[in-house]
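**Q** Here it is, the structure, as structure tokens.
Please treat every number below as a calculation from the coordinates, not as lab data. Worth saying up front: this structure is predicted, and the values here are computed from it rather than measured. A quick note on method: Cβ atoms are made from the backbone with ideal geometry, for glycine too, and the neighbour counts reach across all protein chains shown.
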Amino acid sequence: MADSIFSSLADDLAARDAQGLLRSRRVVDGMQQPRLRVEGRELLSFCSNDYLGLASHPELIAALQRSAGEAGVGSGASHLISGHHRLHHELESALAGFVGLPAALLFSTGYMANLGVVGALVGRGDAVFADRLNHASLNDAVVLSRAELQRYRHHDLAALEKLLARSLAKRKLVLADAVFSMDGDVAPVPQLLELCERFDAWLLLDDAHGFGVLGKYGRGVLEHFGLHAPRIIYMATLGKAAGVFGAFVAGEAVLVDTLLQHARTYTYTTAMPPALAGTLLVSLRLIEQDDWRRTHLAKLIAVLREAFKPTRWRLAQSDTAIQPVIIGSNEEALAASKHLLEHDILVPAIRPPTVPNGTARLRVSLSATHTVEDVERLAAALQAAETALA
């Protein structure tokens, strides 16, 4: 009997492999930097979400060592038992102030934050309206909440308006990535907010890829658009541009109090190590004061878009650090990634179900610690790969 069970698993893996969908891991050594040591090779990496280059910043390393000396390496319990350290408390206050919202609550990951928020706010009899290209964590959160899920085409505000107008749900919640993780485009947040105001819905923004990058001081998509509204629920992660680990949700005090009481992914898990919270307090300062990082990142985006002019492939429209090269077939995307790897450049091939069928791509992620020469080298390699695989 056991043999037949495992045989079905093996058959599934073989089928994924035949479709060009089998995933694997690479073993990295050393720190996250543009020159990455991967399985004994030094590669020029364009696949990290360390958008500001803070993951190996000396001040953050020193802050982690200092905070570990003060608070140890583990929190020992959940926040609601004995794991809520002074450093957690200080970070929550600092994060709320940084994004200009009344209160904030720390979560271990962005995935857990999204699951916690949606599950705490909606359930049976409620409705959630989601962009079709939202991150998997938002989709999974709705399924677990048992609320009705209604999805609309990417950025289709007219379709969203019709869905909201027809809904008789007790509570309505609109979900959207602020920066879409596989496309790099920014959500039309002012228009989404206007619809939520008109139809009395909450707006949950997942700003995992905008926090630290968007806005004059890196405060994210709300600063980018100059928005403040009580019905906005703001989530951002702290392991991407912030360079460390974790996530937070910010909004009205009553919202945060509700999450503290009802978000299961907050209640039933051990608190993040307080030393990481101490490190993130320093990261917030660097995000705010080092505006040269965002300026240089914008320059690199412009360099790539000017230097790489695909003919068969398509460089998706994006003004963010995420620059997707849409190829189409799974096999060609894998071949393109392999071609770059042969030239010591690491760019991942992204395939379904992470992206829609027929839109397999290379996901180029730029960092403020890349140089102009790095990006020009990437552009030349992409051009050569497209020609070689024609």
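**Q** Where the only charges are on Cβ atoms (+1 Lys, Arg; -1 Asp, Glu), what is the dipole of the stretch 266-386 about its Cα centre, to the nearest 20 debye?
**A** 280 debye
**Q** Then there is this: Under a Cβ-Cβ cut-off of 15 Å, what is the net charge of the residues other than residue 388 that fall near it, where Lys and Arg count +1 and Asp and Glu count -1?
**A** Around residue 388, the charge tally is -2.
**Q** Can you pull the percent of Cα pairs in the stretch 58-289 with separation above 26 Å?
**A** On the way: 9010 of 26796 pairs.
More than 26 Å apart: 34 percent of the Cα pairs in the stretch 58-289.
**Q** In addition: In percent, how large is the relative contact order of the stretch 252-390, given Cα pairs closer than 8 Å and 6 or more residues apart?
**A** 24 percent
**Q** If each residue of separation counts as 0.36 nm, what is the full-extension length gain between residue 132 and residue 341 once their alpha-carbon separation is subtracted? All intermediate terms of the calculation are to be shown ahead of the outcome.
**A** On the way: separation 209, 0.36 × 209 = 75.24 nm, distance 3.16 nm.
Result for the pair: 72.1 nm of gain on full extension.
**Q** Among the DSSP beta bridges whose two residues both lie in the stretch 186-315, what percent are antiparallel, rounded to the nearest 5? Could the numbers behind the result be given before it?
**A** On the way: 4 of 8 bridges.
Here the antiparallel bridges make up roughly 50 percent for the stretch 186-315.
**Q** Take the Cβ-Cβ distance between residue 149 and residue 229 as r, set R0 to 25 Å, and report the resulting FRET efficiency rounded to the nearest 0.05.
**A** Working from the Cβ atoms, E equals 0.60.
**Q** Also, I was wondering about something else. Seen from all sides and averaged, what is the projected area of the convex hull of the Cα atoms in the stretch 155-290, in nm²?
**A** Directional mean of the projected Cα hull area for the stretch 155-290 stands at 9.2 nm².
**Q** Stretch residue 29-residue 61 to full length: gain in nm at 0.36 nm per residue minus the Cα-Cα span?
**A** 9.9 nm
**Q** Right, next: Considering only DSSP beta bridges whose two residues both sit in the chain, what percent are antiparallel, to the nearest 5?
**A** If we restrict to bridges inside the chain, about 55 percent are antiparallel.
**Q** Name the trypsin sites (Lys or Arg not before Pro) in the stretch 301-377 that are in a loop by DSSP and that have at most 16 other C-beta atoms within 10 Å, would you?
**A** Counting only loop positions with at most 16 other Cβ atoms within 10 Å, the trypsin sites (Lys or Arg not before Pro) in the stretch 301-377 are 312.
**Q** Could you compute the net charge surrounding residue 317? Neighbours are other residues with a C-beta less than 11 Å from the C-beta of residue 317; K and R count +1, D and E count -1.
**A** In short, -1.
**Q** A follow-up question, please. Of 256, 96, 143, which is farthest on the positive side of the dipole of the chain, counting Cα position, with +1 on Lys and Arg Cβ, -1 on Asp and Glu Cβ, and the Cα centre as origin?
**A** Going by the charge dipole, the pick is 143.
**Q** What net charge do the residues around residue 274 carry, taking every other residue with its C-beta under 11 Å from that of residue 274, with Lys and Arg at +1 and Asp and Glu at -1?
**A** Local charge sum for residue 274: -1.
**Q** Using only the alpha-carbon atoms of the chain, report the extent along each of the three principal axes, biggest first, to the nearest angstrom.
**A** Ordered largest first, the chain gives principal extents of 57, 56, 53 Å.
**Q** Work out how much length residue 312 to residue 21 would gain on full extension: take 0.36 nm times their residue separation and subtract the Cα-Cα distance, in nm to one decimal.
**A** Going from the current span to full extension adds 102.5 nm.
**Q** Further, regarding this structure: Calculated FRET efficiency, residue 217 and residue 140, Cβ-Cβ r, R0 25 Å, to nearest 0.05?
**A** Calculated transfer efficiency: 0.20.
**Q** Now for a different question. Would you work out the charge dipole size for the chain about its Cα centre, treating the Cβ of every Lys and Arg as +1 and the Cβ of every Asp and Glu as -1, and quote it to the nearest 20 debye?
**A** Numbers: 38 positive and 42 negative charges, 90 e Å.
That gives a dipole near 440 debye.
**Q** Using only the Cα atoms, what convex hull volume per residue in Å³ does the stretch 245-334 have? Don't jump to the answer; show the numbers that get you there.
**A** Details: hull volume 18.0 nm³, N = 90.
Hull volume normalised by residue count: 200 Å³.
**Q** In percent, what relative contact order does the chain have, based on Cα pairs under 8 Å that are 6 or more apart in sequence?
**A** It rounds to 22 percent for the chain.
**Q** Would you work out if the stretch 16-75 is rounded, prolate or oblate? Take a ≥ b ≥ c from the square roots of the eigenvalues of the alpha-carbon gyration tensor; rounded if a/c is under 1.5, else prolate when a/b is larger than b/c, oblate otherwise.
**A** Cα axes put the stretch 16-75 in the prolate bin.
**Q** Using Cα pairs under 8 angstrom and six or more residues apart, how large is the relative contact order of the stretch 58-289, in percent?
**A** Numbers: 471 pairs, mean separation 73.6, N = 232.
So the answer I get is 32 percent.
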